[in-house]
Every structure is written in structure tokens, then in C-alpha cells.
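Engineer: I am attaching a structure below and will ask some questions about it afterwards.
The values are calculated or read from the model by the stated rules, or taken from the named source; none is laboratory data. As the structure is a computational prediction, the values presented were derived from the model and not from experiment. Positions of Cβ are generated from backbone atoms using ideal geometry, with glycine treated the same way; all protein chains shown enter the neighbour counts.
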Amino acid sequence: MRPELDIVPLEYSDEEVIDAVKRELKERNFIVRVYAKMDLPKTSLNFYRKQYNADIILDVLRKLKGNIIGITDKDIYSGSLSYVFSIAEFDGPAIVSIYRLNPRFYQEKPNFDLLIDRLVKEILYCIGIIKGLKECSNPRCVMHKVMSVRDLDYKKKDFCDDCKIKNILEDTNL
């Protein structure tokens, strides 16, 4: 059975990025659907931080059915963390922010392929969390929790052998 994924653009409309992500996920045997663009909840914007509260956004995404991954180009944070690339819940929605995945954020030249690579890794990580996988200590595994964009660049877009075995044993269909 092929795993299903529903992408929800959140105040984000770069169809080239969405199409590239959709292509990569389909190559990994996912059935991918893209929702119509949604607005971010007005209450999620923290004017003082100039960031969006990912926890409030997740509350809205919980109302949707399916394996929901929200994608935004806004800077997001959660709890006491100053920022997050993504946040996901077991059996629930996830949100990924392109804001700090974009090479231009680090004053680097635009690099579409690098942006897509980073975005797909974060989405795969979120899918693993949604399906109940735990974070992995292998820094090359897609389930490794990263602390910087450099850590993200180092890891692969694949599950390590241990996580692949857990997928099979737990029948998560990834």
C-alpha cells in the first residue's frame, strides 16, 4: 500500500517549489495531493518576534483529515525555541517552513535544488514522526533531529537500516 500525503500551502504559492516536492515524493512512492492555498491564522503572528507560532498553526491543521503537511515561507517557532524548520505530531499534522531552509536566508546565492533537497528531508522527517517513528541518533538518517541547516545538509533523504527495520516491524508503510 502506497503512503498518502496531503500538502497544504499556507500563504505560500510558489508552484515550482510545490511541484518539485511533489515529484520527489512521488518518486519515493507516495500518493501526493495538494490542497488549495490556506491563510495562516491571524492569531499565529507574534508581532514582537516577527514570527508565526507553529503550535497555533497546528491547531488549525488538526481540523483537516489525512497526513497533512503544511508548507509556508514564513518564519516559525514553537514554545521556547527561537525557531524551527518544522514541527510534527504523531498521527497528526506537521508544518514545514521554507524560511530558514532557503540558502538566501544565509546570504548565499539562490539554489533551487538545495532548497528542494532541504525541504524534502524535513517533510520526510515529519512523515516519520506522524507515522510514529522516533528520532534517530544516526546523523545521516532522515529521522535524525537537526539543530542547524548544515546538519540538515549532511543527512540523507533516506531512512537508515535501523529505521527501515522499524518501519517494516511497525508496518508504517514508509
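Engineer: Among the residues that make up region 108-123, is at least one of them out of contact with any strand residue (DSSP E or B) (no Cβ under 8 Å at 6 or more places or on another chain), of a type outside the set (Val, Ile, Thr) and farther than 20 Å from Asp19 by Cβ?
Structural biologist: First, the residues of region 108-123 that are out of contact with any strand residue (DSSP E or B) (no Cβ under 8 Å at 6 or more places or on another chain): 108-118, 120-121.
Next, only the ones that are of a type outside the set (Val, Ile, Thr) stay: 108-115, 117-118, 121.
With farther than 20 Å from Asp19 by Cβ added as a condition, the list becomes 108-109.
Looking through region 108-123, at least one residue is out of contact with any strand residue (DSSP E or B) (no Cβ under 8 Å at 6 or more places or on another chain), of a type outside the set (Val, Ile, Thr) and farther than 20 Å from Asp19 by Cβ.
Engineer: Continuing with the same structure: Before we move on, is Phe47 closer than 21 Å to His144 by Cα, of a type outside the set (Gly, Ala, Ser) and either touching a Lys or Arg at 6+ places or on another chain (Cβ under 7 Å) or surrounded by fewer than 16 Cβ atoms within 10 Å (Cβ to Cβ) (or both)? Even if it seems obvious, please write down each step before you answer.
Structural biologist: Working: closer than 21 Å to His144 by Cα: no; of a type outside the set (Gly, Ala, Ser): yes; either touching a Lys or Arg at 6+ places or on another chain (Cβ under 7 Å) or surrounded by fewer than 16 Cβ atoms within 10 Å (Cβ to Cβ) (or both): yes.
Taking the combined requirement at face value, the residue does not satisfy it.
Engineer: May I pose another question? In region 141-174, which residue that is of a type in the set (Asp, Glu) and modelled with pLDDT of 75 or more is farthest from Arg2 (Cα to Cα)? Even if it seems obvious, please write down each step before you answer.
Structural biologist: Going through region 141-174, the residues of a type in the set (Asp, Glu) turn out to be 151, 153, 158, 161-162, 170-171.
After this cut, where a residue has to be modelled with pLDDT of 75 or more as well, the list is 151, 153, 158, 161-162.
On the way: Asp151: 29, Asp153: 27, Asp158: 17, Asp161: 20, Asp162: 21 Å.
Checked region 141-174; the qualifying residue farthest from Arg2 (Cα to Cα) is Asp151.
Engineer: Based on what the data block shows, is Asn138 surrounded by 13 or more Cβ atoms within 10 Å (Cβ to Cβ) and either in contact with a His (Cβ under 7 Å, 6 or more places away or on another chain) or modelled with pLDDT under 95 (or both)? Break it down into steps so the answer makes sense when it comes.
Structural biologist: Numbers: surrounded by 13 or more Cβ atoms within 10 Å (Cβ to Cβ): yes; either in contact with a His (Cβ under 7 Å, 6 or more places away or on another chain) or modelled with pLDDT under 95 (or both): yes.
Considered against the rule, which asks whether it is surrounded by 13 or more Cβ atoms within 10 Å (Cβ to Cβ) and either in contact with a His (Cβ under 7 Å, 6 or more places away or on another chain) or modelled with pLDDT under 95 (or both), Asn138 comes out as yes.
Engineer: Do any helices (runs of 4 or more DSSP H) entirely within region 61-174 hold 3 or more residues that are under 21 Å from Phe30 (Cβ atoms), and if so, which?
Structural biologist: So the answer is 112-130, 161-170.
Engineer: Another question, if that's okay. Could you list all residues from region 1-33 that are surrounded by 14 or more Cβ atoms within 10 Å (Cβ to Cβ), of a type in the set (Val, Ile, Thr) and over 17 Å from Lys121 (Cβ atoms)?
Structural biologist: Result: Val8, single match.
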